[in-house]
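Trainee: Got a structure for you, questions after.
Just so it is clear, none of the values below were taken in a lab; they were calculated from the coordinates. Given the structure is predicted, the values throughout are model-derived calculations rather than measurements. Every residue, glycine as well, gets a Cβ built from its backbone with ideal geometry; the counts of neighbours run over all protein chains shown.
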Amino acid sequence: MSKTTLRKRIALTATTALFAGMLTVVASPTAYATHKAVNSEAAGSSGNTQLSVGLDGNMYVATAINPGATAVVGGSAGTTNATTSIDDSALSKGLLAKDTSSGTAQTATVLASGVLSLYAQVATASAFFTTGGAFSSAYGGAAGNTPYYNATNTYVGVGAATTSTGVAVLWTAPATAGTYAVHLLTGFSTNSSGFSVIQTSTNGLTPPTLSAAITVTVVAASAGGAYSAAYSACETTQNLAAETASTVVGVDSTGSVSNGGNWNIALKLRDGYNAVLDSGNLVATATNGAFLSWGATAGTVTATPLAGTGSTVVDYRAGSLDTLRIDQPTAGAPLTTTVTITFNGATVCTKTVSIAGKVATLEVSAIQTQDLSTSTHTNDIDASGRATGQLFQVVAKDSAGNRVATSSIGTFSADSTSLAAASPTVTAVSIMHSATATSSTSAYSYSTGVYTCGAAAGTASMKIKFTTTGTGEAITSPAFTLRCADNPYTYTASWDKASYVQGEVATLTVAFKDSKGNAANNVVAPGAATFVTPMLTAVSTTGSAGMLPSANGSKTYTFTVGTASGMTAGTYTSIIDFTGLTDVAAEKATPTYKLTTGGDTTTNADVLKSIVALIASINKQIQALQKLILKR
């Protein structure tokens, strides 16, 4: 064996080992197919990526439609190897999918024995290398260059260049399904003296830089053209104008639809290579009589689809992007419907949505006691986080019991008859916040209101009314009681039990009265307090100056029986001092309570008391015996 031949084999062996190792570090991006297989032809791209000066180091796959029987190498058919025309004649065969990248992390899918037509721009020595399959028809590079192939055609050098030039080659995939790599190598090797050396047919040198790489999946049959759940998506939405193929990812809207509104479903249909499906039979059906309609323009999202008139709609459409509208079949009636969409008989989407009906009932709750001669209330009394507080809540529901968001469909007002009867105790009622949500867990699913009290304490029966703007229909709530009272003035305090065992929870209730002896309102704070509670540990805050939580003018506090250092059984007196009130007219409250440690609660005093009682009993018996003896 000659030294030249040996040198070639050593170089090629090293090259094979080098690039086999490189396969483990090349990442595969998410597939983005630009075409699909139709009778083993690459289809879906109107032309190849055209090169221009400055793209050195990228490698491209011809994606143009190929109606012919064979693949065509770039630069053939009379074109030149100029960077702007090397792609003109390039045609692949059997290409099923190709991502959009051109660097070292490319992916492609091809049929077994299919052919990729590859091309690139280089300005250095360059070569193509593969872990399977074979190269042929290498073209381009320096003028007069003869491509150099190894013995298995898995490596082909296309010579050297000092200015930008186009190079091209055909790669025939193996007949065996699997995963293979195709690499573009660029740059100049250096010899032992450090001089740049180009590859020749005699030295077998390999360009040192991996400039581009494609991980190619070879398959026996195409998965293109058929619906794929992995790449298709379907989602409910209320903002069609914001929907695009990239935003439709299968995440449903969490919003709600009020009476008279409509839901939409945006969908895209893709095959196993994430390519848009060709036109087919798209059928949608709905339960409970919901009206359906496809968007006016197939293949796009229609911002304002027309309302439908039936529960089944059929159309022949492509799967690029589409819209289905859902409406109530009966105006004002609540609707819950399940919509099923099929494409050529395959179920691609099932969604259940609800549209609220008109307001049918009003429920008033959480009624607070207002201050005298006061019209507003600015302190929050719940966890809604609203800037303005409330004195009562109103929940609007449709005939099916669903909560209705009232903010955009109508207005609240006081029932005029009940308001007239309530005067002068209550002189005005208004809604501060109208409901914007429908979930029972949301604080914004109920409306909040306030009312104005006159100068005298008392109660009044009231009703609230809601009028739907579009129809003028009014719904009135059942009667509810509003109460007006003055600020906390005096108070009493009491424990929930007379006696507690260590470890129990003790509850203290403080009842506030206004200056006329009425239960105080609960919108004006009673002020800071000082509590003395021997052998008890406070659980709730005792020094808060917050308003009263109860509409009956009371507030409760909780304690655990015992302290961190222990507890001594006995009877104790607590001191409850709301200093702002006791400084004026109120007296400190001093409720007592008894504490025990549990188990045997007998004290020394109890034992002594028992002994004294026993002695007295014995003395009585002795006296009785003496009298009996004397009689005899």
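Trainee: In what sequence do Trp263, Trp495 fall when counting other Cβ within 10 Å, fewest first? Provide the component values of the computation, followed by the final result.
Mentor: Details: Trp263 24, Trp495 19.
Listed from fewest to most nearby Cβ atoms, that is Trp495, Trp263.
Trainee: Separate question: Which log10 I(q)/I(0) values, to two decimals, does segment 365-484 give at q = 0.15 Å⁻¹ under the Debye formula with one point per Cα?
Mentor: With one equal scatterer per Cα and no solvent, log10 I(q)/I(0) is -0.66.
Trainee: Rounding to the nearest 20 debye, state how big the charge dipole of segment 205-359 is about its Cα centre with +1 on each Lys and Arg Cβ and -1 on each Asp and Glu Cβ.
Mentor: On the way: 6 positive and 8 negative charges, 29 e Å.
With only Lys, Arg, Asp and Glu charged at Cβ, the dipole is about 140 debye.
Trainee: If each of Ala437 and Thr244 carries a label point 7 Å out from its Cα toward its Cβ, how far apart are those two points in nm?
Mentor: It is 3.1 nm.
Trainee: Please list, in order along segment 613-630, the HN-Hα scalar couplings obtained from phi with the Karplus expression 6.51 cos²θ - 1.76 cosθ + 1.60 (θ = phi - 60°), rounded to whole Hz, x for Gly and Pro.
Mentor: Calculated HN-Hα couplings, in order: 5, 5, 4, 4, 5, 5, 4, 4, 5, 5, 4, 5, 5, 4, 4, 5, 5, 4 Hz.
Trainee: Would you mind computing Rg(Cα) / (2.2 N^0.38 Å) for segment 459-545, counting N as its residues?
Mentor: On the way: Rg = 20.5 Å, N = 87, 2.2 N^0.38 = 12.0 Å.
That ratio works out to 1.71.
Trainee: Given a Förster distance of 22 angstrom, what is the FRET efficiency for Lys588 paired with Ser565, based on the Cβ-Cβ distance and rounded to 0.05? Don't skip to the answer; put the middle values down first.
Mentor: Working: r = 26 Å, r/R0 = 1.19.
Efficiency, from the Cβ-Cβ distance: 0.25.
Trainee: Give the order of Val313, Val404 when sorted by the count of other beta carbons within 10 angstrom, beginning with the fewest. If you can, show how the numbers build up before the last one.
Mentor: Details: Val313 19, Val404 27.
With the fewest neighbours first, Val313, Val404 line up as Val313, Val404.
Trainee: Going by Cα centres, segment 281-356 and segment 99-117 are how many Å apart?
Mentor: When both Cα centres are located, 38 Å separates them.
Trainee: Sort Ser440, Ser256, Ser92 by Cβ crowding within 10 Å, fewest neighbours at the top. Please list the in-between numbers first.
Mentor: Details: Ser440 10, Ser256 22, Ser92 29.
Arranged by neighbour count, lowest to highest, Ser440, Ser256, Ser92 become Ser440, Ser256, Ser92.
Trainee: Hey, another quick one. Skipping prolines and chain starts, which residues have an amide H placed within reach, meaning under 5 Å, of the one on Thr530, given they are 5 or more residues away or on another chain?
Mentor: Asp577, Phe578, Thr579
Trainee: Just the Cα atoms of segment 233-355: what Rg and Dmax do they give in Å?
Mentor: Rg, Dmax (Cα atoms, Å): 13.3, 45.
Trainee: Once each part is reduced to its C-alpha centroid, what is the distance from segment 477-526 to segment 122-172 in angstrom?
Mentor: Segment 477-526 and segment 122-172 have Cα centres separated by 93 Å.
Trainee: Using θ = phi - 60° and the Karplus form 6.51 cos²θ - 1.76 cosθ + 1.60, what ³J(HN,Hα) does each residue of segment 443-452 get, whole Hz, x for Gly and Pro?
Mentor: Running phi through 6.51 cos²θ - 1.76 cosθ + 1.60 with θ = phi - 60° gives 5, 9, 8, 10, 8, 10, x, 10, 8, 10 Hz.
Trainee: Tell me which residues come under 5 Å, amide H to amide H, from Asp252 once H is placed; ignore anything under 5 positions away on its chain.
Mentor: Residues meeting the criterion, in which the H sits 1.01 Å from N, are Thr236.
Trainee: Further question: Ordered by residue, what ³J(HN,Hα) values in Hz, to whole numbers, does segment 552-565 give under the Karplus form 6.51 cos²θ - 1.76 cosθ + 1.60, where θ = phi - 60° and Gly and Pro are x?
Mentor: Rounded to whole hertz, the list is 8, x, 10, 8, 10, 9, 10, 9, 9, 7, x, 10, 5, 8.
Trainee: May I pose another question? Apply 1/(1 + (r/R0)^6) to the Cβ-Cβ distance of Thr297 and Ile65, taking R0 = 30 Å, and write down the FRET efficiency to the nearest 0.05.
Mentor: Efficiency at R0 = 30 Å is approximately 0.75.
Trainee: Would you grab the residues whose amide H sits under 5 Å from the one on Ala138? Only those 5+ places off in sequence or on another chain, please, with H modelled 1.01 Å from N.
Mentor: Leu170
Trainee: I've got another one for you. Obtain the radius of gyration and the Kirkwood radius of segment 490-596 from its C-alpha atoms and give Rg over Rh.
Mentor: Details: Rg = 14.0 Å, Rh = 14.2 Å.
My calculation of the ratio gives 0.98.
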